[in-house]
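Working notes, beginning with the structure itself.
The values are calculated or read from the model by the stated rules, or taken from the named source; none is laboratory data. These numbers were taken from a predicted model, which means no experiment stands behind them. Positions of Cβ are backbone-derived with ideal geometry, glycine not excepted, and every protein chain shown enters the neighbour counts.
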């Protein structure tokens, strides 16, 4: 055992301002450093003191940047990664259903296993470049379902990104596809239970209530057999509410409660149009909610009642959906949208910062064994360096203000996940980015050609 420990490389990331996000310890070191070995942090503290204590450690130079915990994305869609710049001929949506049917379902109906793998590669590269080391993905590829989560997992292993995966069950493409989606979730859950990989986890995915019948919910619950939580879109658009009321006589959250979907390991994405009774059910069942502010505003579906959910003590996280991978971009939109919705310039700050910097780590703790979102001894060595040189006073007292108004994800210069250096000084480590981009581009051309019946 001692021999194996000696084989691990000891690193010290130093020469930067350091934010720990540790409420039980010192929050800020003007000249800070973090020492890590294997997958875990060994010690955090003053740079000079740690350099003297660990002279054998290999030095990683932060170049005067900000050293901080890596980001977590609590809701994203790998299948959307090849849509950047895409225009689908004849697609001019005037409502949310048309957005889904004309864009996202059109894409996933043409996404092969090869396309899924390329989409995952693209998203993971983007995550690394924007300091995201943990994602909760919600995948759909109705062209070719079996094995899709396993393709994503191979990409996750290659790029070193911690990933909780699920497949989007839906009745929208018929019973055969629905059963394949259920089986993909079940197989992936079994795989994760058997292999116990600390970097991979499983949820049971469902699209949204307006595309899931009671029969399908029962099949999902049976296939899951209590092994994990669910990840599902809820009341993203009013069509979800209308469908539940008209066809089932229940509101969406009530339907989920009826089928045993809610609980402390279940994520409800969006929850824009939930009423107070539904909020109460979410709170009583300890169910999690993830806000995706940029996507919601782009789709013109509304703004999540973050302040009300927050006041009820609901665990509320932040995701990006299919819009971006930049968590700092998302927090900016979250703050502005909450203030606009509530017509108050002094609300939302604590709520949105807690969502990203505290609550996403709490969500991560539900599915991964290592402590995330904090720099302290024993926590996961998930560390980033932001290329940010403040020209105003800077400390843990105002770091959130600097991040919201001064930083973007693209300022990330170094990314480390579970002790593995994924990017150093903006260069991917161990990855031929040019070759990866060429592979992704070919897959994108194939997908776009299928959508628009032309060559690219």
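Some observations on this one:
- Residue in the range 224-231 that is in contact with a strand residue (DSSP E or B) (Cβ under 6 Å, 6 or more places away or on another chain), surrounded by fewer than 22 Cβ atoms within 10 Å (Cβ to Cβ) and under 20 Å from residue 148 (Cα atoms) present: yes
- Enumeration of residues in the range 29-45 that are crowded, with 16+ Cβ neighbours inside 10 Å and under 11 Å from residue 16 (Cα atoms): 29, 32, 33, 34
- The range 280-309 residues that are on the phi > 0 side of the Ramachandran plot, paired with ones that are assigned to a loop (DSSP other than H, G, I, E, B) (beta carbon under 7 Å, 6 or more apart): 286/263; 286/264; 302/272; 302/273
- Residue 13 modelled with pLDDT under 95 and in contact with a strand residue (DSSP E or B) (Cβ under 9 Å, 6 or more places away or on another chain): no
- Some residue of the range 426-438 being out of contact with any strand residue (DSSP E or B) (no Cβ under 9 Å at 6 or more places or on another chain), under 23 Å from residue 79 (Cβ atoms), in contact (Cβ under 8 Å) with a residue 24 or more places away in the chain and surrounded by 18 or more Cβ atoms within 10 Å (Cβ to Cβ): no
- Filtered residue count, the range 296-324, keeping only those that are under 16 Å from residue 360 (Cβ atoms) and at pLDDT 95 or above: 12
Here is a yes/no grid of residues against (1) out of contact with any strand residue (DSSP E or B) (no Cβ under 7 Å at 6 or more places or on another chain); (2) surrounded by 24 or more Cβ atoms within 10 Å (Cβ to Cβ); (3) farther than 30 Å from residue 66 by Cβ:
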residue	(1), (2), (3)
107	yes, yes, yes
115	yes, yes, yes
138	no, yes, yes
143	yes, no, yes
147	yes, no, yes
158	yes, no, no
171	yes, no, yes
181	no, yes, yes
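- Residues (surrounded by 14 or more Cβ atoms within 10 Å (Cβ to Cβ) and part of a loop (DSSP other than H, G, I, E, B)) located in the range 9-25: 20, 21, 22
- Within the range 254-268, the presence of at least one residue that is within 19 Å of residue 179 (Cα to Cα), at pLDDT 95 or above and touching a strand residue (DSSP E or B) at 6+ places or on another chain (Cβ under 7 Å) is confirmed.
- For residue 454, the stated conditions hold: it is in a loop (DSSP other than H, G, I, E, B), touching a helix residue (DSSP H, G or I) at 6+ places or on another chain (Cβ under 9 Å) and surrounded by fewer than 18 Cβ atoms within 10 Å (Cβ to Cβ).
- Flag if residue 263 is out of contact with any helix residue (DSSP H, G or I) (no Cβ under 9 Å at 6 or more places or on another chain) and under 17 Å from residue 356 (Cα atoms): no
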